């Protein structure tokens, strides 16, 4: 926490951070980020949520899903996260972000990077798939689909790991909030 002087008064401003949710499509990244966002806002934390599906419709609508385009997608998101986090905003970023090297690069670019591995079996992700993406990917209709025809490189040492196939969402939520509280971000 940083103490600032504003119009002659001392004010406390929390440091920004980037909570980076990574995992397969359907693992629960967005669901967890929404719960964390709601809780942090009730605690008065300045927070913004960047979600893969939303960002792809606006900021990165021109990109496809090749490795090069996926990396460009993350580079653009990282630029936004960097601006927000260095200005005291907590950023909740929910992106498959399948490549370890790309996530490691993000870590070097933003303020207080916290990697959250949302682990879930491929079978469970397929069961949850309301959009039918896995069925299309298995049929060859979606090329370069993470977890099917394109690799997902799980984090080796994430700050937080949750397993949404084995834990209730409340358990995963509690793990993440506990970490944020311990670090003074919540």
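Each reported figure results from applying straightforward, stated rules to the coordinates on display, with no laboratory input. From a predicted model like this one, the values you see are computed outputs, not experimental measurements. In this analysis, Cβ positions are derived from the backbone assuming ideal geometry, glycine residues included, and neighbour counts consider all displayed protein chains.
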Could you tell me what percent of the DSSP beta bridges with both partners in the chain are antiparallel, to the nearest 5?
-> 20 percent
Proxy reagent accessibility, fewest Cβ within 10 Å first, across 36, 114 | 114, 36
Descending principal axes extents, the range 102-176, alpha-carbon based, whole Å = 40, 30, 19
Would you look at the GNM of the chain, springs on alpha carbons closer than 10 Å, and say which of 50, 156, 138 moves the most?
-> 156
Once normalised by the length of the range 57-181, the mean sequence separation of its alpha carbon contacts under 8 Å that are 6 or more apart gives a contact order in percent of 24 percent
For the range 38-72 and the range 121-174, compute the distance between their C-alpha centroids and round to whole Å.
-> 17 Å
With springs only between Cα atoms under 10 Å, which of 104, 51, 71 fluctuates most in a Gaussian network model of the chain?
-> 104
Gain upon complete extension [residue 183, residue 63; 0.36 nm per residue less C-alpha separation] | 39.7 nm
Quickly estimate the mean residue ellipticity at 222 nm for the chain, helices only: each DSSP H run with n ≥ 4 gives -39500 (n - 2.57), and the total goes over all residues, rounded to 500.
-> -12500 deg cm²/dmol
Exposure proxy order (Cβ contacts within 10 Å, fewest to most) of 91, 47 | 47, 91
Whole-angstrom Cα spans of the range 43-122 along principal axes, big to small = 37, 29, 22
Neighbour-count order for 97, 66, fewest beta carbons within 10 angstrom listed first = 66, 97
So for the chain, Kirkwood radius off the Cα pairs, Stokes-Einstein at 20 °C and 1.002 mPa s: how many µm² s⁻¹?
-> 125 µm²/s
Please identify, among 146, 111, 157, the residue showing maximal mean-square fluctuation in a Gaussian network model of the chain using a 10 angstrom Cα cutoff.
-> 157
